[in-house]
Every structure is written in structure tokens, then in C-alpha cells.
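Read-outs throughout are calculated quantities, based only on the coordinates presented, and are distinct from any laboratory measurement. Because the structure is predicted, anything quoted here is derived from the model rather than measured. No Cβ is skipped: glycine too gets one built from the backbone with ideal geometry, and neighbour counts run over all protein chains shown.
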Amino acid sequence: MSEAAARLREAASQREQARQAVEEQGRDGLEQVAEAYHEATKLLDDYVDTATGSGDFQAYVEFQERFATLVEGLAEDVAHRDAFETALDRTDKRRLSESDFEATRQALEPAKDAVDLLDAEREAKESYREAEKAAKKRLSTVRDRIAECERLQELGDADLDAPVEDLREPVEAYDEAVVEAFQDYRLDASAREVLDFATDAAEYPLVDVREPPVELADYVETHEAGTETIPRLLELADYSRSKLEHYVDDPVELTRAVSTRQTYLDRLDGSALQLGWPPGPAEQLRRRCEERISLVSRFADEDVVATLRTVRELTWRDDYERLRTAAVALAELDDEERDRLASGAVADELEDLRAERDDLRDALGVEE
């Protein structure tokens, strides 16, 4: 079973024992005694140097008056009142020494029991909170691992003899072709046109194209240099200012708008339009294809778009999920995981994890 759950149960038991000990003595009374004890020891700490020996007579008088007021203000039936009265007697002298202060502290020791009980309860509560936090963290870890093992079992049940190539070939053909087509697009189209495309593509939720930086988009839209291709624009941005003056009217603006956005332009390479392998569930892949069809048709030839349509049509196959699960299994399962699945180690681990999860949930008092 779970060590974290066992620690939590032990902490809960200790917390309850500490609570009962306080309640048996009377919480209100203990708190009054503890408050008086802390106030009394603080007075001793504050005046031990000034009210002893032949020191400050005013401090000596203040100490005696404040200590007497504290003791006389205690309720007649408060626990350990006699300890405070004994301590007061220790201070009733014409002159006080450090040993008198120590004797006063010792007289207060019985009252310290109240402080100890309350401190023990507070520490037990803190220990419980820490154990509860650890148990919650462990429960989260166990749940995650259960999900991983269940996923492994799902992949282990995949039909690895399924004709995965029916799906892989068109997906990989499209992914390769779309990057090549976009590279040609970058070489031929103006930066203005390509950034307009990127702006539109960023509106599609399943296409991971970032919207162009505002300053860069504004520059290529409003300056003659925006009619250059992206590679040419980057080349110009690397020129010195004196050289750049021969090519553009506003070298400073070009440098500011383009040079600092070079990373964005370098990464605008068409990879965000790929589908990737292995593919997702049928509906997801279908939607990703549909979003890309309208975008890719703006710069790629019909063969690339046709390949994308072929992939989309595959999502309607009755055996698509069988192919996809096999593809994921082949891509994700390593040799060790396959051996653990075959030996039953994953099933055994899953059984242990589920038992630990239930134990933790019971100790925490939570439901799934």
C-alpha cells in the first residue's frame, strides 16, 4: 500500500490525540494560561538586566508592578494560578538578583504544561498538513502513471500488422512537399505577400503559424523594400548602414524592423503546415487537413493539395483508428516497453498503482 497514505493516517491520529489532550484540559483555560506564561517570561527577559542588583531602580519598580498586575489579573479558577502566585512571591524583595529571576522562571514551570500541550497540537496540525500535501502530490503522480500504463496497454493491443503504410506514405509525402513548396514561395514571393499569408494563417487554430511582429508587418506593408523577397530582405538587413543607403531610402528603419525580427523570418519555413507523424484521431486530422487545404492552395501546386486531400479522405476509412493506433505504437513503444508489456510487468504495475491510488483516496477522503 501507499507509504504516503500510511504517513497521513499516522499524522491524522497524532493530530486527533493532541486535540483530545487539549480538549480534556479545557482549551480556553489552556490558552489563558499560555498567554499569561508568555507574558510573564517576556517580562523576565525584558527586565533581567535592568531590574537586578543595584541597577535602574525605576526598572525594578516597573517590573514588580507589571508582574503583580499580571498575576492579580488572572481568574481565580484558572489552571496553575498557584504557580504564578509562587512566581510572584519570588519577586517580592527589596532587591532582585539574577538568581531570583531564575527562581521565578522555575516557579512558572508547571504553567508551561499548558504551552506544551498547545504547541504539541500546533505541531501535530502542521505535520498533518505536510503529510496531506505529500499524499496529494503522490496521488497526482500515481494518477499520471496509471494513465501512462493504460496508454501502454492500449498501444500493446495495437495490430502491428495493420497496413500502416497506407497512411504513412501520403502523410510523409505531403509533409515533405509542403515544406519544399513553401521554400519556393519564399524565394519567389515578396515579403509583403508572405507576411500577409502568415497573418491569415495565424487565424487558423490548428495551424501553428505565429502572427508576424507588428513593426515588421507594418514596415513591409508601407515601404518599397517590402516588395523584395524574404531572403533578399534579410540580406539587406546584414548590410552596413553606408552600403544599405545605396539600396533603400530608410536604412535605419529597415535595420530596426528586420534585423531584430530575423529569428521570426528564419522560422517561417512551412514546417508549421506539416501534419506530423504519427497522426491524431480521425476528426482531428480531418480538421487539420481542411484548414491547410485553403492555405496551401495559395502557394503550392495542385499535386501538393491533392496529396493533402488524399490524407483527409483516409480519415473516413473504417479502419482508420486501427491504422492510427498501430502507427502510434510503432512510433512510441521502445524495446523495453514492448518487453514489459509481453512479460505482464505493465499489468502488474498497473494493478499496484490502482491499489495505491485507492489507498491514497481513502486516506485523503476524496473521490475520483
So what's the gap between the Cα centers of segment 91-121 and segment 162-224, to the nearest angstrom?
-> 80 Å
So which GluC sites (Glu not before Pro) in segment 230-328 are both in a DSSP loop and have at most 14 other Cβ atoms within 10 Å of their Cβ?
-> GLU245
So what are the ³J(HN,Hα) numbers for segment 23-39, from phi and the Karplus equation (6.51, -1.76, 1.60; θ = phi - 60°), rounded to whole Hz, Gly and Pro as x?
-> 5, 4, 7, x, 4, 4, x, 4, 5, 5, 5, 4, 5, 5, 4, 5, 5
Taking 0.36 nm per residue of separation and subtracting the Cα-Cα distance, what length does fully extending GLU3 through ARG27 add?
-> 5.3 nm
Report the one residue of CYS289, THR227, ALA36 whose Cα lies farthest in the direction of the positive end of the charge dipole of the chain (charges on C-beta: Lys and Arg +1, Asp and Glu -1; origin at the Cα centre).
-> ALA36
Restricting to Cα pairs under 8 Å and 6 or more apart, the percent relative contact order of segment 258-368 works out to 22 percent
Helical mean residue ellipticity (222 nm; -39500 (n - 2.57) per DSSP H run of 4+; nearest 500) of the chain = -24000 deg cm²/dmol
By how many nm would the segment from ASP339 to ASP119 lengthen if fully extended, with 0.36 nm per residue of separation less the alpha-carbon distance?
-> 73.8 nm
Can you list, largest first and rounded to whole Å, the semi-axes you get for segment 165-328 by taking the square root of 5 times each eigenvalue of its Cα gyration tensor?
-> 38, 13, 12
Please give, to one decimal in nm, the separation of the simple spin-label points placed at GLN20 and GLU180, each 7 Å out from Cα toward the Cβ.
-> 8.0 nm
Subtracting the Cα-Cα distance from 0.36 nm times the residue separation, let me have the gained length for THR263 to ASP159 in nm, one decimal.
-> 33.2 nm
Listed by chain and number, the residues whose amide H is under 5 Å from that of LEU275, excluding neighbours fewer than 5 places away on the same chain and using placed H, are ASP175
How large is ³J(HN,Hα) for each residue in segment 267-284, as worked out from phi by the Karplus curve 6.51 cos²θ - 1.76 cosθ + 1.60 (θ = phi - 60°), to whole Hz, x for Gly and Pro?
-> 7, 7, 10, x, 5, 5, 8, 6, 8, x, 9, x, x, x, x, 4, 5, 5
So if we plug the beta-carbon distance of ARG66 and ASP362 into 1/(1 + (r/R0)^6) with R0 = 51 Å, what FRET efficiency do we get, rounded to 0.05?
-> 0.45
Which value, in debye to the nearest 20, gives the size of the charge dipole of the chain about its Cα centre, when Lys and Arg are +1 and Asp and Glu are -1 at the Cβ?
-> 560 debye
At GLU130 and THR222, where each label point lies 7 Å from the Cα along Cα→Cβ, what is the point-to-point distance in nanometres?
-> 6.1 nm
Over the Cα atoms of segment 72-121 the radius of gyration and the largest Cα-Cα distance (Dmax), both in Å, equal 12.4, 41
Any idea what % of Cα-Cα pairs in the chain are farther than 29 Å?
-> 70 percent
